[in-house]
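The structure appears right after this line, and notes come after that.
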Amino acid sequence: MESVVRIVILSSILLVSLVNCQEGILHISDGLTDREFCIVHNHSWTPLAQSLDAATPYPLVNLISQFLCNDSGVTPGLVKGKAVVVMRGDCDFSQKALTAQVLGATTLLIASNTTMVTPSANESEYVKTTIPLALMRYRDILEAQKVFPGEMQVKLYSPLQAKLDPSIVVMLVIAIVTVALGGYWSGACERARECIDSDGSGESKADSGELFVYSPLKVVALVLVMCGMLVLMYFFYKVLVYVIIVIFCVASANALFSCFDAVLDIIGCGTVRNWNFSVRSIILAAVCITIAVIWGVYRNEDRWIWILQDILGIAFCLNFMKTISLSNFKICVILLSLLLLYDVFFVFITPFFTKDGVSIMVQVALGPDASGERGNMVAVPAEPQPPSEKLPVVMRVPRFSGLAQNLCGMQFSILGYGDIIVPGLLVAYCSRFDVWVNSPWKIYFVSCCTAYLMGMILTFAVMLLSGMGQPALLYLVPFTLITSAVVAGCRGEMRMFWTGTSYEVLDSSREPLLPGVAFLKPQCL
């Protein structure tokens, strides 16, 4: 049952990170009162001023009773030299813009009572449109009419945003620290196990609950099951999302308990036993369950719940890397290579088969009802929306740059747990191999962590340059696998590195794989 739960979780966490936005701000004033509202525009189509001071003010003409698909019923003198707001519908945005231009309007606002998506058109339409065009919420223009009963002056601007949002740096730090800590923890558990085995003093606490992956056939079966799970999530998302939420609460609470328990062991906080129960364990369990329950209850409160989700996610990733042990480099190569193909297929290939052209991976990551970021487009709900359930399998950090976010809603940089766990399993193997060969400088562990960092930097660089989310495993897997192989080859330990330790774990019994190779005993303190 435990293995099934792990497969379900792992199949749900190989998600992609997506960041991009094209929001702007509509400033309305009557000389005495000022109000600002969210707008959505296409910078490639109709660039806006980058600051309020640089924006040109225009009188606003309210024509929300019109669709402006043609110039019938509108006299040119009414809108000439002014900004005009019309209703969305009946024709394309580009047709409305061209009609507004013919009538002499200087700016076109389109009031929308549905989700506002980045305006788009083909290249031929770009060159024809010379006036700024943006979408605004229908309810915002109604509110503006109440606040400004007289004449309104409007300015449209889109604050210049840093290409590298600080949230990306925070995400990078979270990823590398989690991978490094998870790998180090796995190596520490292996060292403790080897020391206890050499002393013959009994079972190590580090052995409890550990799962070894040693069969290539089982790795292939695992990846196939994950593919099936992702497809099921795509078709039955609204039901299975609650199953994943429950599993995540239980698994993350257990992982958080393991992390806290290990920290207390390190700092030497002893346990007090009462009626055969550990008081420390009871307190820790209560704290971890409480945190998981709070997240479960308030999981849709975007303003602050992302902090708890990231804490639980870090604990989950750490415990996963410590618990799941890949027995040798061969298994690492098979697993990571298959998951790389899995990631690329479900991100890049599946859009050719889905009805809306969105990849299955992105659809599952963001949720079918999620408004927000999709590739280089942005979607902002026109009306307050009930919270949509999302899979709790990503790290989330709110984007810090951009004044428009306060008006258009909170948006996040996200990174799937799979982009941490999958390379992290190789990092953990390298850390354990350092123990087996008694490497004084932890050369395999440090090299693999460095390769992971370089791979993540390249992932974010490509994402920023292309303006599209990237499947991180496309860069992380080659970086970590090639680096680990090169280190083993340069040290003349490739045979040992490929086949793993001199023991293979089968039902807790160990049989020599390389009887002619003697591994060094770790230095036990």
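Since every read-out is calculated from the coordinates, none of them should be taken as a lab result. Not measured: the values here are computed from a predicted model. Every residue, glycine among them, receives a Cβ derived from its backbone with ideal geometry; neighbour counts consider all protein chains shown.
Pairs from the list LYS146/LYS355; LYS330/LYS442; LYS218/LYS322 with a Cα-Cα gap above 30 Å: LYS146/LYS355. The relative contact order of segment 23-157 comes to 36 percent, based on Cα pairs under 8 Å that sit 6 or more residues apart.
In this structure, the amide hydrogen of MET116, modeled 1.01 Å from its nitrogen in the peptide plane, lies closer than 5 angstrom to those of VAL380, ALA382, counting only residues at least 5 positions away or on a different chain. Placing dummy labels 7 Å off each Cα toward the beta-carbon, the span from ASN70 to ARG491 is 7.7 nm. For PHE412, the residues whose amide H sits under 5 Å from its own are ARG399, ignoring neighbours fewer than 5 places away on the same chain, with H placed 1.01 Å from N.
Once the gyration tensor of the Cα atoms in segment 23-157 is diagonalised, the equivalent ellipsoid follows with semi-axes of 21, 17, 14 Å, ordered largest first. Gain on full extension, evaluated as 0.36 nm per residue between VAL147 and SER466 minus their Cα-Cα distance, stands at 110.7 nm.
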